[in-house]
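Step one of this worksheet: look at the structure below.
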Amino acid sequence: MRTSSRSFLGALSAAALALGACTYSEPAPAPASFGTAPPPTRSIDNTMRAFVDQGSVAVVAEVRWPGGTWSRAYGVRNLESKVAATPDDQVFVASITKSMTAVSVMKLVEDGLIGLDDPVNGILDSFATVLKPPAPITVRQLLGHTSGMRSFEEVTEKTADDVLQVIEEDISPQRGLELTGQLPWDTRDVGSFRYSNSNYLALGQLVEKLRGRPFAEVLRGDVIDPLKLERTTLDPAAAAGAAVIRSYITYRGERLDVTEAPGALGSAASGAMSTMSDVNDFYGALFRGELLAKESVEEMTRAEAIPLYGLGLRRWNQHCDGVHRFGGTGGYWTYRTASVASLDGQYQATMTLVPPPMPTALEDPKTDDKLNLWDDQMASALQETLDRLCP
């Protein structure tokens, strides 16, 4: 299931969204007082309520700042039992996974196993057998989507007839790169930004090759276990858990539960399940220097090819101190996530929307417009909230 390649291109106001009745989980209030002024979380709360009023399955979010934490969940875990969603429920965070993968790759660099500007052509078997790149391709180019390599979904997702195969087929990293090899890779594209999940499939293989262990095991040791991210996993079996918000599409008029679609599970590009709290823990720790050396984080946040993307990180608007925030986005057909964090590691805000059951864009091109609008509204609400929390 295609992950979102669209960068957020601006903030759309969510202030005019109407409120209404909805199912929600109400945690304890944050330990902070804002006097008689409107609470900084009003906009994000209104946006979340409006998403559910528009038929979304659920929306969950958490915001953190020095001295306070706010979290909410609206909607239900699934459309069968209609048990209320909670802020700690698991969701697929899609391309947020790339930020975690980038940490494991940067640790390879820190450990001297490869250089950031070293080519991978002679290291990865897939580059010699199925991909045939037109030039030397470096670690930096894969991390920053400037390799020119196209994404395997361009082969698998062409028409509405492909939908069932996409949600049923288990595409391994090697299979994904084999499919990528069917697409042209032009020398002129090398060095230009082209968002591609295949870049991160290759990086997952690189981590496995240089560490001699499965990628999921390495990521646990690099990120998940050190930060005690107990609800974050690449294990496909976790998708069947009771505390997972399930997701749906419609296909030719029939509603389908696609939570456990095997092609979406476990990959280094987009396969992580997590919670809002764990995602905030991750970005906070990354920017406080708890995972990587300062120099590595500086490399990751240097947006060169385009002003909105570094190495595994998406750049957001400026924070209170005038320094850009960073984080990530992720989008399947059925899960939409945005996460925004300050580089001092003190402020984080993350939201996941599980949209209403609706046709994929392969069946109805208007679906992309709806998803893109909701992505913008999420990003706007998160950034506005952090702006209002500035001291």
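The values are calculated or read from the model by the stated rules, or taken from the named source; none is laboratory data. In this text the structure is predicted, and so the values were computed from the model without any measurement. Heads up, the Cβs are rebuilt from the backbone with ideal geometry, glycines too, and the neighbour counts pull from every protein chain shown.
Of note:
- Residue in region 334-347 that is surrounded by the most Cβ atoms within 10 Å (Cβ to Cβ), counting only those that are in contact with a Ser or Thr (Cβ under 8 Å, 6 or more places away or on another chain) and in a loop (DSSP other than H, G, I, E, B): Thr334
- Of all the numbered requirements in (1) touching a helix residue (DSSP H, G or I) at 6+ places or on another chain (Cβ under 9 Å); (2) under 30 Å from Arg255 (Cβ atoms); (3) surrounded by 17 or more Cβ atoms within 10 Å (Cβ to Cβ), Asp364 misses one, and that requirement is (3).
- Complete set of residues in region 197-236 that are out of contact with any Leu (no Cβ under 9 Å at 6 or more places or on another chain), assigned to a helix (DSSP H, G or I) and surrounded by fewer than 24 Cβ atoms within 10 Å (Cβ to Cβ): Glu208, Glu217, Val218, Gly221
- When residues of region 276-303 are limited to those that are part of a loop (DSSP other than H, G, I, E, B) and touching a helix residue (DSSP H, G or I) at 6+ places or on another chain (Cβ under 9 Å), the one farthest from Asp222 (Cα to Cα): Thr301
- Here Asp375 fits the description: in a helix (DSSP H, G or I), in contact with a Phe, Trp or Tyr (Cβ under 7 Å, 6 or more places away or on another chain) and within 22 Å of Arg246 (Cα to Cα).
- Residue check, Ile245 over 23 Å from Leu382 (Cβ atoms), modelled with pLDDT of 95 or more and of a type outside the set (Lys, Arg): no
- Residue that is surrounded by the most Cβ atoms within 10 Å (Cβ to Cβ), among those in region 279-333 that are among the acidic types (Asp, Glu) and at pLDDT below 95: Glu304
- Odd one out for Ala268 among (1) more than 21 Å from Ala237 (Cβ to Cβ); (2) in contact with a Leu (Cβ under 7 Å, 6 or more places away or on another chain); (3) small (Gly, Ala, Ser): (1)
- Taken together, the residues in region 179-193 that are assigned to a helix (DSSP H, G or I) and either surrounded by 13 or more Cβ atoms within 10 Å (Cβ to Cβ) or within 24 Å of the chain's Cα centre (by Cα) (or both) amount to 3.
- Some residue of region 114-131 being at pLDDT 95 or above, in contact with a Lys or Arg (Cβ under 6 Å, 6 or more places away or on another chain) and surrounded by fewer than 15 Cβ atoms within 10 Å (Cβ to Cβ): yes
- Close pairs from region 342-357: first touching a residue at least 12 places away in the same chain (Cβ under 8 Å), partner in a loop (DSSP other than H, G, I, E, B) and surrounded by fewer than 20 Cβ atoms within 10 Å (Cβ to Cβ), Cβ under 6 Å, at least 6 apart: Leu343/Val323; Gly345/Arg288; Gln346/Pro66; Pro356/Gly55
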